[in-house]
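Here's the structure we're looking at; comments come further down.
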Amino acid sequence: GVAPIVGKSYYLYNIGTSKFWYASTSRLNDSGDARYFGLTDALSDAIPVTVESKDNYALAYYIGGTKYYLHQHDGNVDFPTSSNTMDVGTSGSGYYIRNDSYSGGHRYMTADGTLYCHFPKKNDSSVDDAARWLFIPCEDVMSYMAKHCAAVAEANYVQPATGWERVTSMDALRTTPEDYFFAIFSANVPGLMLDATTDNTSYPYKLNVKTATEPLTSSQYLFELENYEGVFAMKSASMNQYFSNSTANPWDFDANKSSVEADCAITVALADGVYTLQDKNADSGGNKYVGLWNGSNTNGYLTDARLAGNKSAEEKGSFLFYRIEKKNLDVTRWINNPKAETNTDG
């Protein structure tokens with residue numbers, strides 16, 4: 001995070017919960033000050049705040065075209081007053097946000113558990129991690145999330161010591177991709193890993209949290225890339241089938257492609273440390289990105305989130321790619337009967 005300055009917009013990131021702040025115009029619960037302020041894993045659900053004044057900070061946010069101020073539970077356009085300006089100062093590795101106009105002393109904006117956020121909350125002058133926030137510039141947030149999500153992945157899933165390598169350039173991605181298996185993570189939420197399996201029935205490609213899971217434990221977490229028609233084709237290692245986005249089935253990836261054809265061509269782009277995936281045959285509006293299916297996944301990047309290939313640029317997902325060399329890998333764990341090709345019994 002950075003020091004907030006007047007005229008700029010930021011996402012608020014809570015250090016204690018590793019979640020973003022957001023506001024709502026309807027009640028999130030009935031618990032006092034937490035009714036309209038929430039915490040979310042998903043950057044796509046977070047709401048930026050704009051610094052309007054620094055001498056006693058005023059932090060405004062917009063829902064639709066309406067402006068609200070941070071201290072108001074249900075929103076208010078009145079400004080300035082003593083109750084909607086606040087003190088912002090450094091604390092540890094972050095910032096506190098507090099209001100001194102209430103009786104009883106300092107009151108801080110504080111995470112309450114992992115779902116809600118109170119402001120004002122505390123009646124004392126102490127600050128813990130639940131009351132520490134990072135101001136992340138909106139223009140830098142994807143770069144920040146790429147670093148944060150990569151740190152989580154490398155600590156729990158794809159450790160360099162076990163042979164995994166983060167792919168950070170298009171040149172590296174294009175260089176003999178057939179020599180590698182790939183693990184693909186969300187750059188929107190730490191810990192979400194792409195999972196492809198027929199157990200998902202008609203929706204075989206999902207983002208799932210697999211905490212502390214080494215992708216080599218199951219081929220459903222592994223993918224193969226091929227250079228194809230100047231772009232890429234991507235295949236599930238577990239199903240031996242290609243991603244495709246056919247005209248006949250534009251709402252979800254077609255899981256029935258065992259060989260490469262035009263519907264399998266995927267354009268991969270890299271910016272701010274994260275990758276986006278798009279059908280090479282994008283429509284006239286430039287859509288058909290890979291992102292979340294809108295059906296039952298209206299709450300953002302949660303576990304078991306289904307992927308679809310018809311998303312707009314505003315809805316596109318962001319991903320991290322890791323690879324490991326196929327050479328010398330022991331893949332017998334993925335074979336139903338590893339002795340089937342030998343002369344041994346069993």
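Could you pull out every one of the strands (runs of 3 or more DSSP E) wholly within region 27-122 that has 3 or more residues that are in contact with a strand residue (DSSP E or B) (Cβ under 7 Å, 6 or more places away or on another chain), over 28 Å from Asn188 (Cβ atoms) and at pLDDT 85 or above?
Details: elements: 37-40, 49-53, 58-63, 66-69, 87-91, 94-99, 110-112, 116-118.
Once the strands (runs of 3 or more DSSP E) in region 27-122 are filtered for at least 3 residues that are in contact with a strand residue (DSSP E or B) (Cβ under 7 Å, 6 or more places away or on another chain), over 28 Å from Asn188 (Cβ atoms) and at pLDDT 85 or above, nothing remains.
Among the conditions (1) within 22 Å of Met142 (Cα to Cα); (2) surrounded by fewer than 17 Cβ atoms within 10 Å (Cβ to Cβ); (3) basic (Lys, Arg), Lys54 misses just one, which is (1). Of the residues making up region 176-200, those that are more than 17 Å from the chain's Cα centre (by Cα), within 12 Å of Arg323 (Cα to Cα) and not aromatic (Phe, Trp, Tyr) are Thr176, Pro177, Glu178, Asp179.
Mind listing just one residue for me: the one in region 124-147 that is under 21 Å from Val49 (Cα atoms) and not hydrophobic (A, V, I, L, M, F, W, C) and, of those, surrounded by the most Cβ atoms within 10 Å (Cβ to Cβ)? Within region 124-147, the match that is surrounded by the most Cβ atoms within 10 Å (Cβ to Cβ) is Arg132. Using the structure shown, decide if Ser18 is at pLDDT below 90 and farther than 25 Å from Ser93 by Cβ. No. For region 216-236, a residue qualifies if it is part of a loop (DSSP other than H, G, I, E, B) and either aliphatic (A, V, I, L, M) or crowded, with 17+ Cβ neighbours inside 10 Å (or both), and exactly one does: Leu222.
I'd like to know if region 25-36 contains one or more residues that are without any contact (Cβ under 8 Å) to a residue 60 or more places away in the chain, open to solvent by less than 40 Å² (accessible area, probe 1.4 Å) and either among the basic types (Lys, Arg) or over 15 Å from Trp133 (Cα atoms) (or both). So far as region 25-36 goes, yes, one or more of its residues are without any contact (Cβ under 8 Å) to a residue 60 or more places away in the chain, open to solvent by less than 40 Å² (accessible area, probe 1.4 Å) and either among the basic types (Lys, Arg) or over 15 Å from Trp133 (Cα atoms) (or both). Among the residues of region 148-189, those identified as open to solvent by 10 Å² or more (accessible area, probe 1.4 Å) and aliphatic (A, V, I, L, M) are Ala151, Val152, Ala155, Ala161, Met170, Ala172.
The values are calculated or read from the model by the stated rules, or taken from the named source; none is laboratory data. Bear in mind the structure is a predicted one, so any value in this text is a computation, not a measurement. Here Cβ is always computed from backbone atoms with ideal geometry, including for glycine, and neighbour counts include all displayed protein chains. Heavy atoms of the whole protein, side chains included, go into the accessibility calculation; ligands, DNA and RNA do not. Shrake-Rupley method; radii C 1.70, N 1.55, O 1.52, S 1.80 Å.
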